[in-house]
Structure formats: structure tokens, C-alpha cells
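**Q** Here's a structure for you.
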Amino acid sequence: MDIQKQFASFKLLFDWTPVAVYKPVAVYQTYRDKGTVLLGYEVRVEYKYHNPRQVFFTHDEEKLCLISRKKALKNAIGFYEQMSKKIQEKQK
């Protein structure tokens, strides 16, 4: 393999171009003592040269009360919209 091909394949390691993003999905866990509990929201992003990535937005209403469920959902939607905008810009 010549130097140009090696450099081109090396550059792909740093190319995180998103090609698809999926709307936030609520993630629940069922416990014996608490029942079904909302853990947070997950946004799946697919990249051109890398494996898909799940970004998780959690809340902590039961502990420190810093991030409410509403704020976690708002953060997930904001991330989704930001990634959608990036995808649309790349397609132009």
C-alpha cells in the first residue's frame, strides 16, 4: 500500500460525518421493588465511516434533582435537531 492510500485511510479515523439520526426514545428498566422506571432518553446516530453510536440523556430527579425528566428530553431533542441539521448541510 502506498503512502497516499495509507494517509487516506488514516484520515477516515477522524471523519465522523453523520448520515442518519433517529428521534429520542425513552429507555425504561423494570425492577422488582420499584416496578418500571424511566432511565432516560436515547438518540441513535449513524456515521459514514464508523459504527452507530447511542447517546444517552439521563435524569436524576431521585438523587440530586439537577436534571429533570423534562430537561433530559429537551436535551435529547436538541441533540437530535443539531445532528439533523448537520446531515442536511452535508447533503447540500
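The values are calculated or read from the model by the stated rules, or taken from the named source; none is laboratory data. These numbers come from a predicted model, not from an experiment. FYI the Cβ positions are ideal-geometry reconstructions off the backbone, even for glycines, and counts take in every protein chain you see. Remember, those area values only see protein heavy atoms, side chains included, never the ligands or the DNA or RNA. Shrake-Rupley method; radii C 1.70, N 1.55, O 1.52, S 1.80 Å.
**Q** Looking at region 7-23 only, could you name the residues that are at pLDDT 80 or above and surrounded by 10 or more Cβ atoms within 10 Å (Cβ to Cβ)?
**A** Pass one, region 7-23, residues at pLDDT 80 or above: 14, 16-23.
Once the filter is applied, which keeps residues that are at pLDDT 80 or above and surrounded by 10 or more Cβ atoms within 10 Å (Cβ to Cβ), region 7-23 yields Trp16, Thr17, Pro18, Val19, Ala20, Val21, Tyr22, Lys23.
**Q** Which pairs have Cβ atoms under 9 Å, sit 6 or more apart or on different chains, and link a residue in region 67-89 that is closer than 20 Å to Pro18 by Cβ and in contact (Cβ under 8 Å) with a residue 12 or more places away in the chain to one that is open to solvent by 60 Å² or more (accessible area, probe 1.4 Å) and of a type in the set (D, E, K, R)?
**A** Ala76/Lys23; Ala76/Glu42; Ile77/Lys23; Tyr80/Lys23
**Q** Count, please, the residues in region 1-50 that happen to be of a type in the set (A, V, I, L, M) and either in contact with an Asp or Glu (Cβ under 7 Å, 6 or more places away or on another chain) or under 30 Å from Ser68 (Cβ atoms) (or both). Outline the logic, then answer.
**A** Here is the first cut: in region 1-50, the residues of a type in the set (A, V, I, L, M) are 1, 3, 8, 12-13, 19-21, 25-27, 37-39, 43, 45.
From what is left, the residues that are either in contact with an Asp or Glu (Cβ under 7 Å, 6 or more places away or on another chain) or under 30 Å from Ser68 (Cβ atoms) (or both) are 19-21, 25-27, 37-39, 43, 45.
Going through region 1-50 one residue at a time, the tally reaches 11.
**Q** Mind checking whether some residue in region 55-64 is part of a helix (DSSP H, G or I) and either open to solvent by 100 Å² or more (accessible area, probe 1.4 Å) or in contact with a Phe, Trp or Tyr (Cβ under 8 Å, 6 or more places away or on another chain) (or both)?
**A** Looking only at region 55-64, we keep the residues that are part of a helix (DSSP H, G or I), and these are none.
No, every residue in region 55-64 fails to be part of a helix (DSSP H, G or I) and either open to solvent by 100 Å² or more (accessible area, probe 1.4 Å) or in contact with a Phe, Trp or Tyr (Cβ under 8 Å, 6 or more places away or on another chain) (or both).
**Q** In addition: Among the residues that make up region 39-46, is at least one of them open to solvent by less than 90 Å² (accessible area, probe 1.4 Å), assigned to a loop (DSSP other than H, G, I, E, B) and either within 18 Å of Lys85 (Cβ to Cβ) or touching a Ser or Thr at 6+ places or on another chain (Cβ under 9 Å) (or both)?
**A** Looking through region 39-46, none of the residues is open to solvent by less than 90 Å² (accessible area, probe 1.4 Å), assigned to a loop (DSSP other than H, G, I, E, B) and either within 18 Å of Lys85 (Cβ to Cβ) or touching a Ser or Thr at 6+ places or on another chain (Cβ under 9 Å) (or both).
**Q** I've got another one for you. Let me spell it out: the conditions are (1) exposed (fewer than 15 other Cβ atoms within 10 Å of the Cβ); (2) at pLDDT 95 or above, and Gln88 meets all of them except one. Which number is the exception?
**A** Of (1) exposed (fewer than 15 other Cβ atoms within 10 Å of the Cβ); (2) at pLDDT 95 or above, only one is false for Gln88: (2).
**Q** Assess whether Ala26 counts as being surrounded by 11 or more Cβ atoms within 10 Å (Cβ to Cβ), out of contact with any Ser or Thr (no Cβ under 9 Å at 6 or more places or on another chain) and in contact (Cβ under 8 Å) with a residue 60 or more places away in the chain.
**A** Working: surrounded by 11 or more Cβ atoms within 10 Å (Cβ to Cβ): yes; out of contact with any Ser or Thr (no Cβ under 9 Å at 6 or more places or on another chain): yes; in contact (Cβ under 8 Å) with a residue 60 or more places away in the chain: no.
Judged against the criteria, Ala26 is not a match.
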